[in-house]
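Worksheet for the structure shown next.
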Amino acid sequence: MTQQGAVLQGYNNELVKCIEDLCMQKEELNKQIQQAEEEKSKLQHEIQVLSEQLECVCENLAQKVASRNELDKILAETEAAYMKILDSSRTLLNVLKKEVGSLKHTPELKTN
């Protein structure tokens, strides 16, 4: 029986060592899980901050694009109006030149 007790004691010691090893592995795994959860939380916070920043940038960009589009419209209208003014000025100049030219041919304006 003593030999059986020694064998049983050997099994018990080995079993206790295995249980201790498993407990240590569990503690290590718990630490890794806690670190991963902290990293996950940190990343989720960063994502939230970046999402808010992205939303602000997108709104700002949309406002700037709308302003640029409005300026493009105003500029196009102004350029078109200016071209009409230039065309009218050219027409007025041509008419004035013809009038002055025809006045030179009238006898009342000829000087002797």
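Data for the structure
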{"item": "Expected 222 nm ellipticity per residue - DSSP helices of 4 or more, -39500 (n - 2.57), all of the chain, to 500", "result": "-35500 deg cm²/dmol"}
{"item": "Cross-link reach list, aspartates and glutamates versus LYS98, counting only Cα pairs under 20 Å and skipping chain neighbours closer than eight places", "result": "ASP87, GLU108"}
{"item": "Cleavage-rule hits, trypsin sites (Lys or Arg not before Pro), region 50-112, DSSP coil, Cβ neighbours within 10 Å at most 16", "result": "LYS110"}
{"item": "Alpha-carbon radius of gyration plus Dmax, which is the widest Cα pair, for the chain in Å", "result": "47.1, 160"}
{"item": "Rounded accessible area per residue of the chain, 1.4 Å, Å²", "result": "96 Å²"}
{"item": "Point-to-point label distance, THR2-LEU96, nm (Cα→Cβ direction, 7 Å offset)", "result": "13.7 nm"}
{"item": "Under Karplus coefficients 6.51, -1.76 and 1.60, residue-wise ³J(HN,Hα) of region 43-59 in Hz, glycine/proline x", "result": "5, 5, 5, 4, 4, 4, 4, 5, 5, 5, 4, 4, 4, 4, 5, 5, 5"}
{"item": "Karplus (6.51, -1.76, 1.60) ³J(HN,Hα), θ = phi - 60°, over region 92-100, in Hz, Gly and Pro reported as x", "result": "4, 4, 4, 5, 5, 4, 5, 4, 5"}
{"item": "Solvent-accessible area, 1.4 Å probe, carbon plus sulfur percent, for the chain", "result": "61 percent"}
{"item": "Unit charges on C-beta of K, R, D, E only; dipole of region 39-105, Debye", "result": "700 debye"}
{"item": "Mean shadow area of region 21-60, taken as a quarter of the surface of its Cα convex hull (nm²)", "result": "2.3 nm²"}
{"item": "For the chain, size of Cβ-based charge dipole, Lys and Arg +1, Asp and Glu -1, in debye", "result": "1400 debye"}
{"item": "Highest-fluctuation residue, VAL49, VAL100, VAL57 considered, GNM on the chain with Cα pairs under 10 Å", "result": "VAL100"}
{"item": "Selection from THR2, THR91, GLN63 lying farthest towards where the dipole of the chain points positive, charges on Cβ", "result": "THR91"}
{"item": "Phi to ³J(HN,Hα) by Karplus 6.51 cos²θ - 1.76 cosθ + 1.60 over region 70-77, Hz, x for Gly, Pro", "result": "5, 5, 4, 5, 4, 4, 5, 5"}
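The values are calculated or read from the model by the stated rules, or taken from the named source; none is laboratory data. In this text, all values refer to a predicted model and were calculated from it rather than measured experimentally. Please note: Cβ atoms are built from the backbone with ideal geometry, for glycine as well, and neighbour counts cover all protein chains shown. Note: accessible area is taken over every heavy atom of the protein model, side chains too, but ligands, DNA and RNA are not part of it. Shrake-Rupley method; radii C 1.70, N 1.55, O 1.52, S 1.80 Å.
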